[in-house]
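Asker: Please read through the structure below; I'll follow up with questions.
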Ligand code: HEM
Ligand code: FES
């Protein structure tokens, strides 16, 4: 028996199904470069998995050793600066590209029937990625991480109804300490990766079964072929994108390595304190509202985002002639951008 | 569904359902940290004459949290927690402006701990203090074991 026939027998694969799967027709608009960006967050996620698992080899989830272990990774481990730098940069770019991806789905109204559910899976994935960023940043156990942990768990604690339980659950006790770090570590390297891999699988499955929204641009003839094959055309585009991103990540890690602030001090909040940039809008909002609204505001935003396909349908019925969704999107995006810029520029 | 079948499934599902509910409950209890009762201990804080009237000095309680002792009168001392009541950051004493400032979301408190500005929902917490003769005692929470 030859190796191939043995393999075929012991691991039966449906050749036709495989061929069909890999020759998925891709809509024409994906030929444009910026549409190939859709796969960026997915690729970044793989980078996070690989670099994240590598970091586990050296990282120590103990409040007395965490900081030093990250320092050790950055300064002594061979190419530690590279792996940590890529993990950090890829996290940032992933969240940025997710935001762009969501905006493009929003403004092309691709969340409409039958894709409502997939939009909702997408919003959950987005929230999970923010939690990834929050828990990962906390692991470093420097001053900013410590105070982000403090403020973050207290915000969770101010959630209506389940708040007090949630805060205890996250902190694992009265104060930030070993239990908190262990829980954050478990979420960051075990629970969230597993959950998000499953959600990404569902997300991609739905994209493929429902198809992507067909978009047409000016100058395209109606009779033009609507799609092009995944293999090799689209795969080539994606490959070029992946290579460019990989190079970019290495350069970023080299030129702007993530720095390490002062180690966590539970008795001294630094005078200039800022979270990661993607939390800037919420951070600014917390400064200008009282505690209740500070917490309810972002939650209302997330609930609205989650149920957006249905909210949109409601507005459609109410004002059939007006493009309400577009204007709400513009106002929403502008507001968030203003808060982001405001927080970036303000010293306090 | 026949009556007999219905009763049979009832017998099967009630114990099973109870079992699953029980396991879920135990799992939920497992991931919820246990709350121990808060215990306080009376500890020596300072001698009354360590600071002048209207002066203050930092102090650490038994859980390691920092606080300030303020001598508010000849025989009065207040122990003010420096943990912001908004989201738990540590406030800074700004002597030139005579305020406690919280750098997290710009909360401002008076020297007595009252909210002057910003998002904090209530005044700074205080510790129970006892002045016995020239000795100042403080009731501190005991660190969790
Ligand atoms: C399986 C997936 C992942 C694993 C196993 C993992 C593992 C780790 C570990 C061990 C650290 C601490 C070491 C260090 O800070 O250098 C860390 C830090 C971090 N992680 Fe992850 N991670 C994963 C995915 C992600 C994802 C998806 C994101 C963001 C969207 C993310 C964002 C971060 C951030 C921002 C840090 C702090 C980086 C720093 O300042 O060094 N991680 N991660
Ligand atoms: S934690 Fe002090 S103002 Fe928010």
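None of the figures in this text is laboratory data; all of them are computed from the coordinates on show. Everything quoted here is computed from the prediction, not taken from an experiment. Neighbour counts run over all protein chains shown; Cβ positions are idealised from the backbone, glycine included.
Asker: I'd like the distance between the alpha-carbon centres of the stretch A:282-309 and the stretch A:245-281, rounded to an integer number of Å.
Answerer: So the two Cα centres are separated by 24 Å.
Asker: Turning to a different aspect of this structure: Could you grab the Rg to Rh ratio for the protein assembly as shown? Cα atoms only, Kirkwood for Rh.
Answerer: 1.05
Asker: If you count, for each residue, the other Cβ atoms within 10 Å and average over each peptide, how do B:3-12, A:270-279 line up from highest to lowest?
Answerer: Put in order of decreasing packing, that is A:270-279, B:3-12.
Asker: So what are the radius of gyration and Dmax for the Cα set of the stretch A:140-295, in Å?
Answerer: 22.5, 69
Asker: How much FRET efficiency would the formula 1/(1 + (r/R0)^6) give for residue A:228 and residue A:260, where r is the Cβ-Cβ distance and R0 is 41 Å, rounded to 0.05?
Answerer: Once the sixth-power term is evaluated, E becomes 0.30.
Asker: Could you order peptides A:254-265, A:126-137 by the average number of other Cβ atoms within 10 Å of their residues, highest first?
Answerer: Ranked by mean Cβ neighbours within 10 Å, highest first: A:126-137, A:254-265.
Asker: While we're looking at this one, here's another question. Hey, rough spin-label estimate for residue A:344 and residue A:117, points 7 angstrom out along Cα→Cβ, what's it come to in nanometres?
Answerer: 3.9
Asker: How many nm separate the modelled label positions at residue A:327 and residue A:50, each set 7 Å beyond the Cα in the direction of the Cβ?
Answerer: Computed distance between label sites residue A:327 and residue A:50 equals 4.8 nm.
Asker: If you take the beta carbon distance between residue B:72 and residue A:250 as r and set R0 to 56 Å, what does 1/(1 + (r/R0)^6) give as a FRET efficiency, to the nearest 0.05?
Answerer: My answer for the efficiency is 0.40.
Asker: Rounded to the nearest 10 degrees, what's the angle between the helix B:3-31 long axis and the longest principal axis of chain B, both from Cα atoms, 0 to 90?
Answerer: Helix B:3-31 and the main axis of chain B meet at about 20 degrees.
Asker: Would you mind estimating how fast chain B diffuses translationally, via Stokes-Einstein at 4 °C and 1.567 mPa s with the Kirkwood radius over Cα pairs, in µm²/s?
Answerer: D = 68 µm²/s.
Asker: Taking the Cα centroid of the stretch B:71-100 and of the stretch A:91-126, what is the distance between the two, rounded to the nearest whole Å?
Answerer: For the stretch B:71-100 versus the stretch A:91-126, the Cα centre distance is 46 Å.
Asker: For the stretch A:230-348, just the Cα atoms, rotate onto the principal axes and tell me the three extents in Å, largest first.
Answerer: Answer, in whole Å and largest first: 56, 55, 22 Å.
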